[in-house]
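The structure appears right after this line, and notes come after that.
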Amino acid sequence: MKDGILDPWGSAQIEDYTRLLSQFGMQPFSEILGKVPQPHRLMRRNVIFGHRDYERIVNAMLKKEDFAVMSGFMPSGKAHFGNKMVMEEIIWHQHSGGMAFVAIADMEAHSVRGTPWEKCTETGIEEYILNIIALGLKEENSVIYFQSKSMAVRNLAFELGIESNLSELKGIYGFSGETSASHILSVLVQTADILHPELEEFGGPKPVIVPVGPDQDPHLRLTRDLAMRTRLFALEDRGSLIRIRSRKDPELLKPLSEHFEAFKLYEGHLDVFNLTYSEVDEITREFEVENGGTGFILPSSTYHRFMTGLTGGKMSSSNPESYIALNEDPEEGYRKIMRAKTGGRVTEEEQKKLGGVPEDCSVYEMLLFHLIEDDSRVAEIYEECRGGRRLCGRCKKETAEILKEFLKDLAEKREAARENLKNYNIIM
């Protein structure tokens, strides 16, 4: 983050997540955790720390109503355990009843990173598609697509571009006069990624959850703004009434009023009585769709913490020692863990006397984020480290063994996924 701007294409390392919540208007995930049915471990362990409008998703899950989960991956490098968090969040929401949309952001990779189209395709399949299937993405109720091959996304990006302008994009992303037009276009494509699950061909407007890292929040804020601008009407809760204002065509207010019993029609707006905001919004949305509008529901989002690099500091794609790839050779993964930075003391004596600092340990982070499902076991490891009863050498060896087995198992599932690829709905 620089000068108050989150950079979706930078190498972000957020140090103060609490300040991030207040600065960008996110809500703490801990406040809604108790309402989530069978929450994922990343939720339970505060790895997912923030959200926007996740109540919509919880309500849809509890009421067994339609919702979707959507996120994407830029195929410019290896898929690693940081990407695994997003993959698991997509899969968990799919298994919880949502329709899953997985974007391979080849237009972004080509315009921002200069990745050749052929490489985008190869990396998209080998690193991202096969791994998310291996991790548990189901065939049914899923759509996997390359941005460049989805006409639904490309056409919607064009329409959303009408509602945006260059000055706005400069303010959000810090674009300069040197930024390529294709890079700017890729932003609009990503807003279309997020909103296209609500198009008629995918079942129409529905709550959509987008799991991301906090550096991607500019895309969510822009998309929510654009979703509102495409609506035919704007609603305002005035306590005793819900006011509906026309955004596009005031002549539509009169036929809309016929869907309400208690109302008063004015020039330019309509006041509705005796209904809640959500009831008026639902009726208005249905009317919009029937009359050529989008009826978009503002997308929801969750935000997870960034993983620390194994070498300390940032995890960087330019430093292979700082991360473990999902396609990593199990023996190489073992070696990287054994060389990883820990939160241990300088000597064994100091460790036993003062205890370790698991909060500063990349090895403990691997266990917390990824490798142990049992919360009580993670808590036990934390207390052993803090109390000086767990030494780094032993901890590294145990973690390395768990990781090695995980990578072996994932490799086998990847090959099974390759055999089953033809059964998935993949737009490429």
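Computed quantities for the displayed model
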read-out	value
Percent of alpha-carbon pairs separated by more than 16 Å within the range 187-275	63
Antiparallel content of DSSP bridges confined to the chain, in %, to 5	50
Residues with amide H under 5 Å from that of Thr294, placed H, sequence gap 5 or more	Leu232
Label point distance in nm, Glu383-Ala181, each placed 7 Å from Cα along Cα→Cβ	6.4
Three-way shape label, the range 18-140, alpha-carbon gyration tensor, a/c 1.5	prolate
Among the listed pairs Lys78/Lys404; Lys64/Lys408; Lys35/Lys341; Lys138/Lys396, those beyond 28 Å (Cα-Cα)	Lys64/Lys408; Lys35/Lys341; Lys138/Lys396
Glu118/Arg245 FRET efficiency (R0 51 Å; Cβ-Cβ; nearest 0.05)	0.55
Shape of the range 320-422, Cα gyration tensor, a/c cut at 1.5	prolate
Amide H within-cut-off set for His80, under 5 Å, with H built and near neighbours excluded	Leu326
Loop-resident sites, the range 96-199, for GluC sites (Glu not before Pro), counting at most 13 other Cβ within 10 Å (DSSP)	Glu139, Glu140, Glu178
Coil-residue trypsin sites (Lys or Arg not before Pro) of the range 209-290, DSSP, other Cβ within 10 Å capped at 13	Arg238
Low-density loop cleavage sites - trypsin sites (Lys or Arg not before Pro) in the range 72-175, where at most 15 other Cβ are within 10 Å (DSSP)	Lys138
Under 11 Å from the Asn319 label point (7 Å along Cα→beta-carbon), backbone N, the range 329-355	341
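FYI, it's all coordinate maths here, none of it is from the lab. If you're wondering where the values come from, they're calculated on a predicted model, not measured in any experiment. Virtual Cβ from ideal backbone geometry, glycine too; neighbours counted across all protein chains shown.
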